[in-house]
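The values are calculated or read from the model by the stated rules, or taken from the named source; none is laboratory data. The structure presented is a predicted model; accordingly, all values stated were derived computationally and were not measured. Glycine gets a Cβ as well: all are built from the backbone with ideal geometry, and neighbour counts include every protein chain shown.
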Amino acid sequence: MIGRLNHVAIAVPDLERARAFYRDALGARVSEIEDQPEHGVRTVFVTLPNTKIELLGVLGEDSPIRGFLERHPQGGIHHICVEVEDIEAARAQLRARGVRLLGGGEPRIGAHGKPVLFLHPKDVFGTLLELEQA
Ligand code: CO
């Protein structure tokens with residue numbers, strides 16, 4: 001069912017600093033900072049030859065990464081995202097196995113304008129897993 005690794009997301013306490021580090025110290029191609037108000041995050045995409053790194057910063061009081069950064073003040077890997085061809089089929093298959101989906105399991109439009117779903121980390125061996133319809 002799952003296909004390519006779309007991105008690895010890293011929550012960071014200082015998005016400007018992290019962006020500059022990836023650009024200057026690591027020589028990576030980085031996007032501008034984009035606010036994603038419907039997700040409560042600001043993002044920077046680091047484009048690698050075979051995948052992307054998504055740097056996540058806090059946006060707003062209810063940001064979903066605020067709690068994560070309280071537990072991991074220096075930042076850390078927040079989730080990984082893999083592609084699926086059909087997100088509705090993926091959802092049905094996972095629900096049939098009792099896998100919990102975040103946000104009531106309704107696919108939302110993610111940072112790339114494609115539908116995404118998040119699987120509960122407790123059902124995925126401790127890793128928050130995002131599915132994105134390719
Ligand atoms: Co993501």
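Worth pointing out:
- Residue in the stretch 82-97 that is under 22 Å from Gly40 (Cα atoms) and of a type in the set (Lys, Arg) present: no
- Ala111 surrounded by 14 or more Cβ atoms within 10 Å (Cβ to Cβ) and assigned to a loop (DSSP other than H, G, I, E, B): yes
- Within the stretch 11-42, considering residues that are touching a residue at least 60 places away in the same chain (Cβ under 8 Å) and either surrounded by fewer than 20 Cβ atoms within 10 Å (Cβ to Cβ) or in contact with a Phe, Trp or Tyr (Cβ under 6 Å, 6 or more places away or on another chain) (or both), the one nearest to Leu117 (Cα to Cα): His39
- First in the stretch 88-113 and away from the ligand (no atom under 13 Å from the Cβ) and modelled with pLDDT of 95 or more, second anywhere and in a helix (DSSP H, G or I) and aliphatic (A, V, I, L, M), Cβ under 9 Å, 6 or more apart: Arg100/Leu94; Leu101/Leu94
- If the condition is being away from the ligand (no atom under 16 Å from the Cβ) and at pLDDT 95 or above, then the stretch 1-21 contributes Pro13, Asp14, Glu16, Arg17, Arg19, Ala20, Phe21.
- Hey, Gly57 closer than 19 Å to Ile10 by Cα, modelled with pLDDT under 95, within 14 Å of the chain's Cα centre (by Cα) and within 16 Å of the ligand (Cβ to nearest atom) or not: no
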